[in-house]
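Shown next, in structure tokens, is the structure this report addresses.
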Amino acid sequence: MAMRILIPTDFSEYADAALGMASEIPDITEALILHVTEGKADGTVKGKLEEDQNLLSSHGITARIRIVEQIKEPIDAVIRSVAEEERIDCIVVGARGRGKVGKYLLGSVSDNLLLNVSRDLLIMQYPRYVKNSMHPDIFDNVLIPIELSSISYEILALSLIHISEPTRPY
């Protein structure tokens, strides 16, 4: 099953880790790397986006770059709009590790996407990627919530196709 993903980036270590992990997801055929900026994007921004594009290309993923040079609305709204316009299957973002108190405060882009997005959303955990950076089993702990509808069972069945048996004892 071919999949088109959107990877928004602010060039943080969390966004870079999400990009690295996205390159390891099976069946990704096309990726759009998105950067939202308040003004004109300079050569440094374009250079970094081209580096990200080359990383994905080296994994056999056709990657495109898109820069949105206005920010009159929240960044998560821009991401949602681009995902709809580009007919993206899944948005891949990095999650910033916050403390016990911070995780209850909304406001980050990933939190707002989680609450408002109409596409599949994959939030990648940065510390896990760093810990397992030598070809990690990035999906060795998967949570698939279902609400007993027929579509949730279809999603569960499709997800189980891509999950292999653990290679190490727990």
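The values are calculated or read from the model by the stated rules, or taken from the named source; none is laboratory data. What you see is a predicted model; the values in this text were computed from it and never measured. Because the Cβ atoms are built from the backbone with ideal geometry, glycine has one as well, and the counts that use them run over all protein chains shown. Note: accessible area is taken over every heavy atom of the protein model, side chains too, but ligands, DNA and RNA are not part of it. Shrake-Rupley method; radii C 1.70, N 1.55, O 1.52, S 1.80 Å.
What residue, among those in region 22-48 that are surrounded by 14 or more Cβ atoms within 10 Å (Cβ to Cβ) and in contact with a Lys or Arg (Cβ under 9 Å, 6 or more places away or on another chain), is farthest from Pro74 (Cα to Cα)? Filtering first and then ranking leaves Ile28.
Condition test on Leu148, is it part of a loop (DSSP other than H, G, I, E, B), open to solvent by 50 Å² or more (accessible area, probe 1.4 Å) and modelled with pLDDT of 70 or more? In short, yes. Name the pairs whose Cβ atoms lie under 6 Å apart, with the first residue in region 114-127 and over 16 Å from Ser81 (Cβ atoms) and in a strand (DSSP E or B), the second modelled with pLDDT of 80 or more and not aliphatic (A, V, I, L, M), and 6 or more positions between them or separate chains? That search, which allows pairs on different chains as well, returns Asp120/Cys90; Leu122/Cys90; Met124/Gly94.
Considering only region 49-97, state which residues are among the charged types (D, E, K, R), more than 25 Å from Pro26 (Cα to Cα) and either open to solvent by 20 Å² or more (accessible area, probe 1.4 Å) or in contact with an Asp or Glu (Cβ under 6 Å, 6 or more places away or on another chain) (or both). The answer is Glu69, Lys72, Glu73.
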